[in-house]
Amino acid sequence: MAKKAKPHDHEEHIDETWLIPYADLLTLLLALFIVLFASSSVDAQKFQDMAQSFSSVLSGGAGVFESATFIPVGDTVQDRGRDKVDGDEKKKSKEEQELQEKIRQETEQLENLKDKIDQYIVANGLTTQLTTELNNFQLVLRISDNALFPSGAATVKTEAQNLAVAISNLLVAYPQYEVIVSGHTDDRPIHTSEFKDNWMLSWKRSYNFMEILLNSNNLDESRFSPVGYGEHRPIATNTTAEGRATNRRVEVSIIRTIVESPPQPLKVE
């Protein structure tokens, strides 16, 4: 009698080999999140120890942590960007301080020169005919025209030549400055055989006064310029005799070598 076939000793199992790479993937994702968290809050030594441990477990001692960048405690990526900005601001601040110091030193020099000119003015009784002004761009010596020239003429008076020599002697100690000698008139027209208009009169006056300044061989003439503005740059009204007298003048301007940039106007969008 034929034997009956024996049933199988065990049931067939479902293939579960996919679980191994899936588990590895989950482990790697977990490691990635831990790395991202640790990079912003963990100190470098602890982070390095942890990275070595994960690398050893996951890949036998080498892995993605080998090229990791360690950031010290409290030094996030944002902190580094802020440090760069702070460094630029410190550099700018230092440059600004150096500029301000140079401006201060130059202002001190020009104030010293102004004091010397003022002392000369007082000592020679010229307070009604000469004034000085120091501003952010220049030191200006303003001289009334009647202290220098006969009416309608450009020849420097003999007694006024001493003033030009005195100014020249003072400028010798300050060779670094540009000097502009400018002539100014009132608005009343002039037309003579010598001067066809106020421009020509004002320029000739500035040139003649500058020529006496440059009689000193110790001054660099390349730093001097004569300018004639005619009636076009008044500092007082031309509707009164007093105002016109104020406008008729010669100015000796000692120009600063360092000028602080004025603040830029805000742009309106």
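The values are calculated or read from the model by the stated rules, or taken from the named source; none is laboratory data. Remember, it's a predicted structure, so these values are computed and weren't measured experimentally. Counting neighbours? That spans all protein chains shown, and the Cβs are built from the backbone with ideal geometry, glycine included.
Across region 182-206, which residue is farthest from residue 235 (Cα to Cα) among those that are within 38 Å of the chain's Cα centre (by Cα) and among the hydroxyl-bearing types (Ser, Thr, Tyr)? In this case the residue turns out to be 206. In a loop (DSSP other than H, G, I, E, B), surrounded by 13 or more Cβ atoms within 10 Å (Cβ to Cβ) and free of Cβ contacts under 8 Å to residues at least 40 places away in the same chain: is that true of residue 219 in this structure? Here the answer is no, as residue 219 does not meet what is asked. Taken residue by residue, region 103-110 has at least one member that is in contact with an Asp or Glu (Cβ under 9 Å, 6 or more places away or on another chain) and more than 24 Å from residue 235 (Cβ to Cβ). Do you know which of the residues in region 156-176 that are more than 19 Å from residue 227 (Cβ to Cβ) and of a type in the set (Ser, Thr, Tyr) is nearest to the chain's Cα centre (by Cα)? Here the answer is 174.
One residue stands out among those in region 222-246 that are charged (D, E, K, R) and buried (at least 18 other Cβ atoms within 10 Å of the Cβ): the one that is farthest from the chain's Cα centre (by Cα), which is 244. I'd like the full set of residues that are part of a helix (DSSP H, G or I) and in contact with a Leu (Cβ under 6 Å, 6 or more places away or on another chain), limited to region 118-164. Of everything in region 118-164, those that are part of a helix (DSSP H, G or I) and in contact with a Leu (Cβ under 6 Å, 6 or more places away or on another chain) turn out to be 121, 160, 164. Residues of region 202-216 that are among the polar types (S, T, N, Q) and not in a helix (DSSP H, G or I): 215, 216. The lone criterion from (1) within 29 Å of residue 239 (Cα to Cα); (2) without any contact (Cβ under 8 Å) to a residue 24 or more places away in the chain; (3) among the hydrophobic types (A, V, I, L, M, F, W, C) left unmet by residue 123 is number (1).
Residue 219 falls short on exactly one of the conditions (1) modelled with pLDDT of 95 or more; (2) in contact with a helix residue (DSSP H, G or I) (Cβ under 9 Å, 6 or more places away or on another chain), and that condition is (1).
Is it true that residue 179 is at pLDDT 95 or above, crowded, with 19+ Cβ neighbours inside 10 Å and within 36 Å of the chain's Cα centre (by Cα)? In short, yes.
Here is a check on your reading of the model: is residue 223 closer than 25 Å to residue 170 by Cβ and of a type outside the set (Gly, Ala, Ser)?
Yes.
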